[in-house]
Amino acid sequence: MNKPPPATPAVCREQALAAWQRGDMAVAEQAFQQLLESLPDDAEALQFLATRQLGRGDAERAIELLFAAHRAQPQDAAILHRLGEVQMLAGDAEAAADSLRKGLQVAPGMFVARLRLGVALEQQGRRHEAVLAYFGAIDAAQAQGRWLDDATTAVGLRDAVKHAVRYVAAGRRELFDAVIEPLRQRYGRSELARVDQCLAIYLGEQAAVLPDPRQRPKFLYFPGIPSRTFYPRGRFPAHARLEAAVDAIREELRAVLSHAQDELVPFLGTNSGEAVAAHLRDSSGTQEAAWDAFFFYRHGVRHDMQHARCPRTSEVLDSMPLVRVRDHAPETLYSVLRPGTHILPHRGVTNTRLVTHLPLIVPPDCALRVGGETHVWQEGRCITFDDTFEHEAWNRSDQTRVVLILDSWNPDLSEAEQAAVTDLVAAIGDFNRSSGTPAQPRPQESSGSRGG
């Protein structure tokens with residue numbers, strides 16, 4: 001009597017999956033083994049068999065099978081994650097960290113893999129790297145609404161997540177303390193007492209007590225300085241240089257506007273529409289409402305071509321005491337508000353720096369509102385405000401409105417405090433980027449919008 005022909009790979013897979021679904025693991029294993037006789041690189045079969053071997057306590061064989069699955073599907077991040085998990089169970093933290101990192105290069109948002117990477121690095125005594133991995137895991141998970149509390153954390157991960165939170169808190173405190181310590185030695189600890197309190201608030205060690213409920217910084221609150229919407233002109237003597245040069249600045253602006261299609265960009269890039277409300281067209285029906293920009297500095301990076309295009313404006317800006325924080329500030333630009341555009345209410349990131357506008361072209365029906373207080377721009381006259389208060393701006397006219405925007409240090413910060421904030425914000429940015437989470441830089445810690 002002839003033997004029946006061997007089952008085809010398709011039949012083997014169907015039998016394996018059906019047995020797996022009904023919980024008959026022995027039959028599923030047999031079918032997957034048979035499948036591998038025809039398709040030795042089948043990643044699904046290799047992973048199933050690896051799990052079976054691990055269940056028998058044979059981690060070494062499970063790892064071999066997972067390596068084979070990885071060779072078959074080198075861009076499958078889940079296989080690398082599983083490989084790293086099994087390598088950790090086998091006690092090889094170094095190999096596990098390598099596999100997990102490779103998986104995260106393919107799929108950066110795998111926050112459980114990033115959590116396991118933190119564990120592997122901690123086991124190796126690589127403290128700073130472990131802090132970054134744990135922080136990245138928490139950040140990525142919370143961005144998806146996970147790990148916010150016990151209810152949003154899988155039961156099996158709760159202890160690990162709580163450990164990661166504690167580990168990150170201690171690690172960040174050590175790191176940022178080390179950044180500030182040289183300035184404490186230079187200026188004296190008492191001179192930086194408010195900076196220490198600012199850091200404690202940022203790290204969540206104490207609550208921020210804001211004297212004005214309208215004020216809510218998105219990133220960094222500096223305590224102990226007055227809360228006010230608009231600041232007296234007398235606090236900024238250097239702004240007189242801007243006002244004295246307004247005619248030359250405006251002339252260069254008009255040259256830019258004559259080539260606007262080539263030189264202006266949406267203020268917030270492709271997402272600028274999320275921050276504005278507008279009539280679809282102005283009264284002439286020819287121009288879309290928009291919020292555009294011509295940047296001289298953006299996130300602390302100098303735009304040399306724009307400076308060369310407007311040499312007088314560049315000269316005056318570079319003579320100003322601009323806020324300079326690596327990768328964050330200065331931020332200086334012509335801010336161009338097209339007819340019919342309304343920048344919706346929003347808040348800035350920190351009260352350590354203020355926003356100054358030098359109005360250059362101001363048609364009727366244009367205004368700025370900060371903390372519920374409305375200001376109408378006057379051409380050639382600087383206005384400075386704290387953008388951590390909710391603020392908005394509008395152009396209800398049929399002409400374009402333009403202001404020159406620049407950053408100013410809050411004048412209520414001392415020289416020592418300015419230096420500490422400069423170093424601290426740069427260090428926070430470095431830390432966040434190094435954590436390897438997919439959304440960098442962190443939006444709440446970027447330089448933010450400038451109120452129009």
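The values are calculated or read from the model by the stated rules, or taken from the named source; none is laboratory data. For clarity, every value in this text was computed on a predicted model and none was experimentally measured. Ideal geometry is used to build each Cβ from the backbone, glycine not excepted, and the neighbour counts take in all protein chains shown. Calculation scope for accessible area: heavy atoms of the full protein, side chains included, ligands and nucleic acids excluded. Shrake-Rupley method; radii C 1.70, N 1.55, O 1.52, S 1.80 Å.
The residue pairs whose first member lies in region 181-210 and is over 22 Å from PHE431 (Cβ atoms), whose second member is not charged (D, E, K, R), and whose beta carbons are closer than 6 Å, counting only pairs six or more residues apart or on different chains, are TYR187/ALA416; GLU191/ALA416. Within region 374-382, not a single residue is assigned to a helix (DSSP H, G or I), among the acidic types (Asp, Glu), open to solvent by 20 Å² or more (accessible area, probe 1.4 Å) and modelled with pLDDT of 95 or more. In region 128-146, the condition of being in a helix (DSSP H, G or I), surrounded by fewer than 19 Cβ atoms within 10 Å (Cβ to Cβ) and among the β-branched types (Val, Ile, Thr) is met by no residue. The residues of region 213-224 that are surrounded by fewer than 19 Cβ atoms within 10 Å (Cβ to Cβ) and either assigned to a helix (DSSP H, G or I) or in contact with a Lys or Arg (Cβ under 8 Å, 6 or more places away or on another chain) (or both), listed by number, are ARG216, LYS218, PRO223, GLY224. Looking at this structure, is GLU417 crowded, with 22+ Cβ neighbours inside 10 Å, within 26 Å of the chain's Cα centre (by Cα) and not hydrophobic (A, V, I, L, M, F, W, C)? When the stated conditions are applied, GLU417 passes them. Evaluation of ALA96 against the conditions (1) surrounded by 21 or more Cβ atoms within 10 Å (Cβ to Cβ); (2) touching a Leu at 6+ places or on another chain (Cβ under 7 Å); (3) within 27 Å of GLN142 (Cβ to Cβ) shows that the sole unmet condition is (2).
Which residue out of ALA18, ALA7, ALA31 is exposed (fewer than 15 other Cβ atoms within 10 Å of the Cβ) and over 23 Å from GLY84 (Cα atoms)? Unique residue meeting the criteria: ALA18. Of the set (1) among the aromatic types (Phe, Trp, Tyr); (2) open to solvent by 30 Å² or more (accessible area, probe 1.4 Å); (3) under 23 Å from the mean Cα position of the chain (by Cα), all apply to PHE230 but (3).
A residue that is more than 30 Å from VAL112 (Cα to Cα) and part of a helix (DSSP H, G or I) occurs somewhere in region 197-206. A single member of ARG126, ARG61, ARG82, ARG71 is of a type in the set (Lys, Arg) and within 26 Å of the chain's Cα centre (by Cα), and it is ARG126.
Being open to solvent by 30 Å² or more (accessible area, probe 1.4 Å) and under 23 Å from VAL355 (Cβ atoms), is that true of even one residue in region 161-173? Among the residues of region 161-173, not one is open to solvent by 30 Å² or more (accessible area, probe 1.4 Å) and under 23 Å from VAL355 (Cβ atoms), which makes the answer no. Taking (1) assigned to a loop (DSSP other than H, G, I, E, B); (2) surrounded by 18 or more Cβ atoms within 10 Å (Cβ to Cβ) in turn, ASP398 satisfies each apart from (2). The set of residues from region 147-160 being open to solvent by 40 Å² or more (accessible area, probe 1.4 Å), assigned to a loop (DSSP other than H, G, I, E, B) and within 24 Å of GLY103 (Cα to Cα) comprises just one member, ALA154.
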